[in-house]
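Just below is one structure, and these are the notes that go with it.
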Amino acid sequence: MTSGPAPKLTLNNGVQIPQLGCGMFKVADAETAVSVALATGYRLIDAAASYGNEAGVGSALAASSLDRSEFFVTSKVPNSAQGRRSALRAFDETVSRLGLDFVDLYLIHWPVPAKDLYVETWEALEEIYASGRARAIGVSNFRAQDLARLAQRTGVVPAVNQIELHPGFVQDELRALHRSMGITTQAWSPLGRGSALLGQSAVTSIARAIGRTPAQVVIRWHVEENHALIPKSTNASRLAENLDVFDFELSAEDHASLSRLAGPGRVGPDPDTFDLH
Ligand code: A2P
């Protein structure tokens, strides 16, 4: 089953990004996952060196009949490669594994405050951007203080901050800062990693009432909040289900009730401390 392509959002440098993409975190067989995602209608693949599966992503892209301009590939500097020279080397390795001349978006994966290298790493991304080998550059898991520090010390405003974000963890202050700085918010774990969010009665009752699945209700909430998002699934029918969210709307009341959910809170690592990979 294929769905229509997701609409696009425009980044602060004019580059267009598909609003909905497919994440490769913890995907064991990325080649199959990307092939299925492209066949289903996904046009954004969210990769990272630390996921250990960029070569599989590259194989699937090489086998695809899509023109390069039709798909959007993100990758990320691993924490172990922060620092100017290491980040430049990590980028070369990433594009080589992906089999691409350029990526569409290159991110610093985590701030890793204890290393205090992200300003220098960002300068490497600015060099990559200036060389045309990344159409846009951004960050991931950056906190308000990290964004402020980059703004003081460097030239290019990140196009994207990819953060954990879902009903029950809506990060209102950070999103307001993104809006004021012209940074697009991209949500990871937009489904709250599954049952802790999707099983809540506030979600399931909306889903039942409008004849949609809990995942579609939550994804639709993100779409209406104007985020980009990368719901992860390795299951072909759930991939299709997750993309099939552009022909209905939530009522204002249902939307607001999702914005107010008390839980599940943060389900992934905390950017204050996360330093693995
Ligand atoms: P699966 O890969 O078996 O589909 P998140 O993107 O928030 O991290 O959530 C990912 C989790 O949500 C995965 O465990 C994934 O399982 C599950 N998931 C993805 N799509 C759906 C869906 N449509 N319905 C139920 N669970 C889903």
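Structure notes:
- The P(r) of the chain has a tail past 24 Å containing 47 percent of all C-alpha pairs.
- Legend: P(r) of the stretch 1-88 from all alpha carbon pair distances, 5 Å bins from 0, whole percents, reading 3, 13, 23, 22, 18, 14, 5, 1, 0.
- The share of alpha-carbon pairs in the stretch 67-185 lying farther apart than 16 Å comes to 58%.
- Mean projected area in nm² (Cα convex hull; one quarter of hull surface) for the stretch 122-277: 10.6 nm²
- For the stretch 196-266, dividing the convex hull volume of the Cα atoms by the residue count gives 100 Å³ per residue.
- Taking the C-alpha atoms of the stretch 18-136, convex hull volume expressed per residue in Å³: 95 Å³
- Solution diffusion estimate, µm²/s, Stokes-Einstein, the stretch 230-269, Kirkwood Rh from C-alpha pairs, 20 °C, viscosity 1.002 mPa s: 169 µm²/s
- Using a probe radius of 1.4 angstrom, the carbon and sulfur fraction of the accessible surface of the stretch 1-52 is 52%.
- Placing unit charges on the Cβ atoms of the charged side chains and taking the dipole of the chain about its Cα centre, the candidate lying farthest along the positive direction among 170, 223, 56 is 170.
- With the helix formula -39500 (n - 2.57) applied to DSSP H stretches of n ≥ 4, the chain reaches a computed 222 nm mean residue ellipticity of -11500 deg cm²/dmol.
- This model, with +1 at the C-beta of Lys and Arg and -1 at the C-beta of Asp and Glu, gives the stretch 126-277 a dipole about its Cα centre of some 180 debye.
- Residues of type aspartates and glutamates that residue 232 reaches as a straight line, Cα spacing below 20 Å, ignoring anything fewer than 8 places off in the same chain: 29, 31, 46, 54, 104, 164, 224, 241, 244, 270
- Accessible area in square angstrom per residue, the stretch 178-277, 1.4 angstrom probe: 46 Å²
- Among 67, 172, 146, the residue with the largest mean-square fluctuation in a Gaussian network model of the chain, with springs joining Cα atoms closer than 10 Å, is 67.
The values are calculated or read from the model by the stated rules, or taken from the named source; none is laboratory data. All values reported here derive from a predicted model rather than from experimental measurement. Note that each Cβ is placed from the backbone with ideal geometry, even for glycine, and that neighbours are counted across all protein chains shown. Accessible surface areas use protein heavy atoms only, side chains included; no ligands, DNA or RNA. Shrake-Rupley method; radii C 1.70, N 1.55, O 1.52, S 1.80 Å.
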